[in-house]
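The block underneath contains the structure these notes are about, expressed in structure tokens.
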Amino acid sequence: MTYIIAIDQSTSATKALLFDSNCRLLARADKEHRQYYPQTGWVEHDAEEIYRNTVEVISNIVGQHPECAACCTLAITNQRETVVVWDKTTGLPISRAVVWQDTRGKDICQQLKADGCGPMVMERAGLLIDPNFSAPGVKWLLDNIPDARQKAADGQLLMGTIDTWLVWKLTKGRTFATDTTNASRTMLFNIHTMQWDDELLRLFGIPGSMMPQVLPADAVLGHTTVEGTFSQPMPIAGVLGDSHGALVGQMCFHEGMGKVTYGTGSSVMVNIGQQPLPAPEGLVTSVAFSAQGCHYYAYEGNIYSTSATLKWMADQLKIVSHPREMEAEAVSVADTGGVYIIPAFSGLGAPWWKSDVRGAVVGLTFATTRAHFLRAALESIAYQVKDLVDVMARATGSPLREIAADGGPTGNRFLMQYQADLLQTPIVCTDVEDASAMGAAVMAGLATGLWKSFDEVSALRKVTKVIKPQADNHAAAYAGWLKAVEKVVGV
């Protein structure tokens with residue numbers, strides 16, 4: 001039996017999931033890491049803590065299933081734009097990782113946009129200039145940490161998204177590499193040439209010596225014992241960003257297939273085939289995945305706060321003890337009573353791209369109850385997804401036939417039904433909640449010859465439920481959402 005341990009290194013935790021050769025989930029282990037908020041708009045992670053947690057959860061899995069230690073491949077899917085800069089001699093980060101939610105690079109981005117750099121960046125990288133992506137954070141670190149820029153110029157520093165950091169650590173510095181999906185989210189990668197772009201690197205003042213090798217998702221990147229967890233080195237293969245992993249995990253291998261990942265934030269992504277088409281306003285073009293000798297592209301829009309909104313209500317406001325308790329009370333009222341929660345905790349992502357706005361609650365009255373507030377939080381997720389799906393539908397000229405959905409909130413029946421009703425599109429859920437990890441496992445299997453083709457893998461997809469639209473009476477509610485957002489963003 002061949003096994004795959006997929007590491008899902010997300011914004012809030014590191015998970016290890018054990019799959020067998022039929023993509024059946026056998027076990028999982030997870031461990032949260034600390035969130036750092038040193039200043040308003042700053043969000044940081046301790047990269048060393050994340051590595052320690054990665055080793056721990058892998059060890060936990062092997063402890064549960066020691067038989068997997070004999071023949072195992074390690075796959076990685078990760079929070080994408082979060083970036084680490086480290087000294088290649090000492091192996092130590094020069095600071096905590098700058099998380100994708102961090103907005104410290106907004107002044108850098110505003111200056112670049114004022115200088116007219118937006119069209120060039122969009123044409124080469126497929127991205128809007130925004131602090132969500134890695135490059136502004138790296139430039140900020142080099143500009144503000146003593147001696148960092150000189151060390152970078154001397155070739156002493158390396159940079160990478162979390163996958164790059166983990167692979168480098170797991171291989172004891174022997175492999176310095178990433179995949180095309182993570183590279184395409186840095187704002188430094190040319191999605192046409194599929195190489196780091198010299199002009200983009202100059203734009204942000206980042207030496208090319210800092211950049212990792214870029215490989216397809218179905219490549220073997222190196223081998224590791226995971227700090228002695230395995231007696232023999234095991235291959236690392238199947239590396240790709242979490243949203244792209246979910247696209248693969250939902251078997252969206254062909255043009256026109258799309259998915260929504262309901263995570264800390266959310267990614268709405270649709271496969272547009274093997275040509276990097278210009279993105280419609282408010283969206284970006286990313287590499288969907290590279291495998292089987294081909295590059296596939298996607299339209300994508302990223303929402304900064306979806307599950308994070310629910311977690312905030314439970315952990316910070318203590319309105320409920322856990323987000324799963326929200327549904328029962330939310331459905332006790334027929335609507336939100338005109339209340340809208342705009343969850344711009346770190347600004348608003350696509351299609352608004354307003355990094356400088358802050359969250360707001362609109363429409364409060366003395367009649368507002370806790371149930372209204374909880375329902376408004378859940379509805380804010382569905383509205384943000386609709387914002388993006390509508391832009392995609394206009395770009396393609398037709399609505400999506402179905403939306404594949406994954407992530408913890410897919411278990412919320414109210415949210416999924418409201419989403420289907422709002423989109424007037426069926427929501428398809430599969431039997432694996434952690435689709436990002438499934439996607440990494442799929443790519444690892446393709447890399448090691450476990451599966452030979454997309455069609456062979458697609459046969460393993462198991463749909464557990466399809467939520468069909470039941471009502472079409474939310475136009476007024478959605479119009480209210482748009483008005484509330486326009487008040488916040490100043491449109």
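Scanning segment 30-68 for residues that are closer than 13 Å to LEU17 by Cα, part of a helix (DSSP H, G or I) and acidic (Asp, Glu) turns up just one, GLU56. If you check THR186, THR175 for being assigned to a loop (DSSP other than H, G, I, E, B) and either open to solvent by 30 Å² or more (accessible area, probe 1.4 Å) or under 17 Å from VAL99 (Cα atoms) (or both), only one passes: THR186. Scoring ARG324 on the criteria (1) open to solvent by less than 30 Å² (accessible area, probe 1.4 Å); (2) out of contact with any Gly (no Cβ under 6 Å at 6 or more places or on another chain) leaves a single failure, condition (1). All of ILE206, ILE191 fail the test of being within 14 Å of SER290 (Cβ to Cβ) and among the β-branched types (Val, Ile, Thr), apart from ILE191.
Within segment 199-213, being surrounded by fewer than 20 Cβ atoms within 10 Å (Cβ to Cβ) and either aliphatic (A, V, I, L, M) or closer than 24 Å to LEU277 by Cβ (or both) holds for GLU199, LEU201.
Taken over segment 285-319, the residue count meeting the criterion of being open to solvent by 10 Å² or more (accessible area, probe 1.4 Å) and β-branched (Val, Ile, Thr) is 1.
All of (1) over 28 Å from THR11 (Cα atoms); (2) exposed (fewer than 12 other Cβ atoms within 10 Å of the Cβ); (3) not small (Gly, Ala, Ser) hold for LYS468 with one exception: (2). Any chance segment 237-244 includes a residue that's touching a Pro at 6+ places or on another chain (Cβ under 8 Å), in contact (Cβ under 8 Å) with a residue 12 or more places away in the chain and under 24 Å from LYS462 (Cβ atoms)? No, segment 237-244 has no match at all.
Residues are listed down the side, and each one gets a yes or a no for (1) more than 23 Å from GLY282 (Cα to Cα); (2) touching a His at 6+ places or on another chain (Cβ under 9 Å); (3) open to solvent by less than 40 Å² (accessible area, probe 1.4 Å):
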site: SER332; (1), (2), (3): yes, no, no
site: PRO351; (1), (2), (3): no, no, yes
site: GLY359; (1), (2), (3): no, no, no
site: SER380; (1), (2), (3): no, no, yes
site: GLN384; (1), (2), (3): no, no, yes
site: MET392; (1), (2), (3): no, no, yes
site: ILE403; (1), (2), (3): no, no, yes
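Could you please let me know if ALA477 is modelled with pLDDT of 90 or more, of a type in the set (A, V, I, L, M, F, W, C), outside any loop (DSSP other than H, G, I, E, B) and closer than 30 Å to LEU364 by Cα? In short, yes.
Mind checking which helices (runs of 4 or more DSSP H) fall wholly inside segment 113-161 and carry at least 2 residues that are touching a residue at least 40 places away in the same chain (Cβ under 8 Å) and touching a Gly at 6+ places or on another chain (Cβ under 9 Å)? Correct list: 134-144, 148-153.
The values are calculated or read from the model by the stated rules, or taken from the named source; none is laboratory data. Just so you know, these numbers come straight off a predicted model, no measurement behind them. Methodologically, a virtual Cβ is constructed for each residue, glycine included, from the backbone with ideal geometry; neighbour enumeration extends over all protein chains shown. These accessible areas exclude ligands, DNA and RNA; they are computed on the full protein's heavy atoms, side chains included. Shrake-Rupley method; radii C 1.70, N 1.55, O 1.52, S 1.80 Å.
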